[in-house]
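The structure appears right after this line, and notes come after that.
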Amino acid sequence: MYQLGGYNGIGVGAGTPLLVMAGLNVLEDEGLALEVAAELKQICRELSLPYVFKASFDKANRSSITSYRGPGQADGLAMLAAVKAAHGLPVVTDIHAPEQADAVADIAEIVQLPAFLIRQTDLVVAAARAVARTGGWLHAKKAQFLAPWDCANIISKAREAAPDVPVVLCERGSSFGYNNLMVDMLAIPEMHKLGVPVTIDATHAVQLPGADPRTGGASTGGRRDGVSVLAKAAVAAGADGVFLEFHPHPDEALCDAPSCLPLDAARPLLTTLKVLHETVN
């Protein structure tokens with residue numbers, strides 16, 4: 001179990017409430033980020049759930065060079081800082097290169113390692129050292145090609161670089177044939193055996209990589225109606241936290257729209273997830 005320094009009541013793991021990491025897939029503009037953060041903060045406050053705002057500043061892993069990537073590091077970190085200042089929230093965002101680690105950790109309490117890059121030693125080492133310096137956490141997504149027990153290598157790399165750094169593993173699905181992902185719920189207790197908390201990225205787990213019919217495969221498709229199914233199943237299987245993406249108008253989201261939930265779906269879903277988590281813990 002970890003507690004996030006500087007934020008009373010925000011923890012993850014055994015004996016803590018369900019952690020909610022939720023927000024936008026990618027930053028579009030500051031006003032939208034503030035709007036979504038305010039709504040989700042209010043919902044989580046009413047439900048007594050710890051809340052961390054999430055959004056990417058750069059979606060480097062895109063199907064097409066013309067796909068929207070985000071505002072970039074400088075402007076994106078400024079937007080995340082504005083969310084923190086306005087709402088008093090911790091934030092989580094991802095990095096794609098070792099040289100981003102220190103600047104991002106200075107703003108984001110939780111630094112995330114993308115699934116596709118989780119075996120990149122220099123990236124893991126840089127992120128681990130950066131969050132150890134600032135007192136944050138490392139949120140490491142299990143790659144689509146890794147077995148859950150292979151995540152032991154991620155933890156050992158991080159802790160060889162920064163002993164005792166808090167590592168949280170994230171299940172986000174495994175490749176299943178072409179253009180498809182599946183989620184093995186047994187992976188959650190398997191990753192727990194490694195001695196760290198585990199979250200579920202239910203949004204990216206419903207992706208259909210390179211299979212968006214709207215663009216003829218130039219972008220990723222998704223199954224929006226499966227997000228709540230996977231989130232509920234994972235919490236019932238013992239997940240310590242959920243990673244979810246919302247948008248007031250999901251079909252207009254600039255990135256991964258087919259997997260994004262409408263913002264007004266947050267309250268009923270999180271209410272159900274809270275009950276499930278309390279039931280199995």
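The values are calculated or read from the model by the stated rules, or taken from the named source; none is laboratory data. Bear in mind that the values here come from a model prediction, so they are computed numbers and not experimental data. Using ideal geometry, Cβ is built from the backbone for each residue, glycine included, and neighbour counts are taken over all protein chains shown.
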Fill in the blank from the handout: Within segment 31-60, residues surrounded by fewer than 24 Cβ atoms within 10 Å (Cβ to Cβ), of a type in the set (D, E, K, R) and at pLDDT 95 or above come out as Glu35, Glu39, Lys41, Arg45, Glu46
Handout entry: Members of segment 170-187 that are within 18 Å of the chain's Cα centre (by Cα) and over 11 Å from Leu230 (Cα atoms)
Key = Cys170, Ser174, Leu181, Ala187
Completion exercise
Counting only residues that are touching a residue at least 40 places away in the same chain (Cβ under 8 Å) and surrounded by fewer than 19 Cβ atoms within 10 Å (Cβ to Cβ), segment 104-116 contains a total of 1
Handout entry: Candidate set from segment 61-79 (those that are among the small types (Gly, Ala, Ser) and surrounded by 19 or more Cβ atoms within 10 Å (Cβ to Cβ)); member that is nearest to Gln207 (Cα to Cα)
Key = Gly70
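Out of the residues in segment 90-103 that are over 19 Å from Leu40 (Cβ atoms) and within 15 Å of the chain's Cα centre (by Cα), which is surrounded by the most Cβ atoms within 10 Å (Cβ to Cβ)?
Quick first cut of segment 90-103, residues over 19 Å from Leu40 (Cβ atoms) only: 95-103.
From what's left, within 15 Å of the chain's Cα centre (by Cα): 95-96.
Details: Ile95: 27, His96: 18.
For segment 90-103, the residue satisfying everything is Ile95.
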Problem - segment 178-201, subset touching a residue at least 24 places away in the same chain (Cβ under 8 Å) and assigned to a strand (DSSP E or B), residue surrounded by the fewest Cβ atoms within 10 Å (Cβ to Cβ) - result: Leu181
Practice task
Scan segment 246-264 for residues that are surrounded by fewer than 16 Cβ atoms within 10 Å (Cβ to Cβ) and either aliphatic (A, V, I, L, M) or in a helix (DSSP H, G or I) (or both) and jot them down.
Solution key: Asp251, Glu252, Asp264
Exercise for the section: Could you grab me the full set of residues in segment 258-281 that are among the hydrophobic types (A, V, I, L, M, F, W, C) and closer than 11 Å to Thr203 by Cβ? Expected result: Cys260, Leu261
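May I ask you to verify whether Arg159 is within 21 Å of Leu19 (Cα to Cα) and either in contact (Cβ under 8 Å) with a residue 24 or more places away in the chain or not basic (Lys, Arg) (or both)?
Working: within 21 Å of Leu19 (Cα to Cα): no; either in contact (Cβ under 8 Å) with a residue 24 or more places away in the chain or not basic (Lys, Arg) (or both): yes.
No; evaluated as a whole, the condition is false for this residue.
Would you please name the residue that is surrounded by the fewest Cβ atoms within 10 Å (Cβ to Cβ), looking only at residues in segment 12-30 that are in contact with a Lys or Arg (Cβ under 8 Å, 6 or more places away or on another chain) and outside any loop (DSSP other than H, G, I, E, B)?
Initially, segment 12-30 is screened for residues in contact with a Lys or Arg (Cβ under 8 Å, 6 or more places away or on another chain), giving 17-18, 21-26.
Next, only the ones that are outside any loop (DSSP other than H, G, I, E, B) stay: 21-26.
Numbers: Met21: 26, Ala22: 31, Gly23: 30, Leu24: 25, Asn25: 24, Val26: 21.
Only one residue tops the list, namely Val26.
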Problem - Selected residue [farther than 17 Å from Val26 by Cα, among the aliphatic types (A, V, I, L, M) and in contact with a strand residue (DSSP E or B) (Cβ under 9 Å, 6 or more places away or on another chain)] from Leu77, Leu113, Leu49 - result: Leu49
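Could you tell me which of the residues Ala101, Ala85 is in a helix (DSSP H, G or I), more than 30 Å from Phe145 (Cα to Cα), free of Cβ contacts under 8 Å to residues at least 40 places away in the same chain and out of contact with any Leu (no Cβ under 7 Å at 6 or more places or on another chain)?
Working: Ala101 fails: more than 30 Å from Phe145 (Cα to Cα).
Being in a helix (DSSP H, G or I), more than 30 Å from Phe145 (Cα to Cα), free of Cβ contacts under 8 Å to residues at least 40 places away in the same chain and out of contact with any Leu (no Cβ under 7 Å at 6 or more places or on another chain) holds for just one of Ala101, Ala85, which is Ala85.
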Completion exercise
Inside segment 265-278, the number of residues satisfying the requirement of being in contact (Cβ under 8 Å) with a residue 40 or more places away in the chain and either not in a helix (DSSP H, G or I) or not charged (D, E, K, R) (or both) is 8
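Listed here are the residues, each with its yes/no results for (1) at pLDDT 95 or above; (2) not acidic (Asp, Glu).
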site: Thr199; (1), (2): yes, yes
site: Pro213; (1), (2): no, yes
site: Ala237; (1), (2): yes, yes
site: Asp240; (1), (2): yes, no
site: His249; (1), (2): yes, yes
site: Glu252; (1), (2): no, no
Fill in the blank from the handout: Checked segment 145-177 for anything assigned to a strand (DSSP E or B) and at pLDDT 95 or above; matches are Val167, Val168, Leu169, Cys170, Glu171
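Suppose we keep only residues that are within 18 Å of the chain's Cα centre (by Cα) and part of a loop (DSSP other than H, G, I, E, B) within segment 2-11. Which one would you say is surrounded by the fewest Cβ atoms within 10 Å (Cβ to Cβ)?
Filtering segment 2-11 for residues that are within 18 Å of the chain's Cα centre (by Cα) and part of a loop (DSSP other than H, G, I, E, B), the one surrounded by the fewest Cβ atoms within 10 Å (Cβ to Cβ) comes out as Leu4.
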Problem - segment 119-144, residues that are in contact with a Ser or Thr (Cβ under 9 Å, 6 or more places away or on another chain) and either farther than 19 Å from Asp201 by Cβ or at pLDDT below 95 (or both) - result: Gln144
